[in-house]
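In what follows, a structure is listed as structure tokens, so that the remarks can point back to it.
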Amino acid sequence: MAVFVALGAFLMTLAGGWTAQRVTDRRHLVLGLAGGLMLGVVGLDLLPEALQAAGDDIFGVPAALLLFVAGFLLAHLVERLLAARQASHGGDEHNGRAPEVGLTAASAMVGHSAMDGVAIGAAFQVGGGMGTAVALAVVAHDFADGFNTYTITSLYGNARRKALTMLFADALAPVVGAASTAFVSIPEGLLGGYLGLFAGVLLYLAAAEILPEAHHEHPARSTLLCTVAGVGFIWLVVGLAG
């Protein structure tokens, strides 16, 4: 059953990526929506789960929040280092962005989708009701994952072929993750730490890259509305899953 549900996540991820491809003539709206989806996933989905799973304090601060800040700083550091390396070697950049950053971020999305599949498998082991609730959340927000994976890869100047490859990998990841639960069990604390770190990376991409780019040439009210709609969609998904 878990693998069957993960196949639904596979299709939903592809649908999100297909949508991101089809609306390239409204690129500012796509980026505004992607930024809202990412912000909603971070604040309404990842961080609450991370705090619940990895709630131990380190010098007065929850471990999940420390890793959240570390993820933000790590994303910033990696981007700066890759951009500097590209410039020093005379490599091509896309509007000052290193393509490797987009691939790295998309790879993180693939890893997160694999963890979604693990969550589905673990939830079905607990019970059918829990499995259904988790499956609903995962399948719904995998549309956003597919949308964001394709958008991020393309935004950093990667070829369409690479963006499609990362999209397909992101779609396949939940199926692999769900199947792996028959053999592997991930400690809750480790999972919570990962979610916190990944949330920091996503917040950096949304706040420092996606949203500024969305409003750079088209500071329109419609772009802002798309961002709000993205956050609202994730809120709805989280509410229905709860």
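Data for the structure
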read-out	value
For residue 141: the one exception among (1) closer than 10 Å to residue 13 by Cα; (2) modelled with pLDDT of 85 or more	(2)
Residue pairs meeting the criteria (Cβ under 7 Å; at least 6 apart or on separate chains; first part of a helix (DSSP H, G or I), in the stretch 144-171; second aromatic (Phe, Trp, Tyr))	163/150; 167/150; 171/10
Hey, residue 126 at pLDDT below 65 and farther than 23 Å from residue 230 by Cα or not	yes
Qualifying positions in the stretch 155-171 - among the hydroxyl-bearing types (Ser, Thr, Tyr) and either under 14 Å from the mean Cα position of the chain (by Cα) or at pLDDT 85 or above (or both)	165
Search result, residues across the stretch 12-67 that are farther than 30 Å from residue 159 by Cβ, within 14 Å of the chain's Cα centre (by Cα) and open to solvent by less than 60 Å² (accessible area, probe 1.4 Å)	43, 45, 47
Residues located in the stretch 152-170, provided they are open to solvent by less than 10 Å² (accessible area, probe 1.4 Å) and more than 19 Å from residue 115 (Cα to Cα)	152, 153, 155, 156, 163
Any hit, the stretch 216-224, residues being within 23 Å of residue 13 (Cβ to Cβ) and either surrounded by 15 or more Cβ atoms within 10 Å (Cβ to Cβ) or over 15 Å from the mean Cα position of the chain (by Cα) (or both)	no
Every pair of residues 6+ apart whose Cβ atoms lie under 9 Å, when the first sits in the stretch 1-13 and is of a type in the set (Phe, Trp, Tyr) while the second is outside any loop (DSSP other than H, G, I, E, B) and at pLDDT 80 or above	4/178; 10/171; 10/172; 10/173; 10/174; 10/175
Pairs where the first residue, in the stretch 53-80, is under 15 Å from residue 105 (Cα atoms) and the second is part of a strand (DSSP E or B) and open to solvent by less than 40 Å² (accessible area, probe 1.4 Å), C-beta under 8 Å, 6+ apart	79/97
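The values are calculated or read from the model by the stated rules, or taken from the named source; none is laboratory data. Because the structure is predicted, anything quoted here is derived from the model rather than measured. All Cβ positions, even for glycine, are placed from backbone atoms using ideal geometry, and neighbour counts span all protein chains on display. Accessible surface is based on the protein model in full, side chains and every heavy atom, while ligands, DNA and RNA are left aside. Shrake-Rupley method; radii C 1.70, N 1.55, O 1.52, S 1.80 Å.
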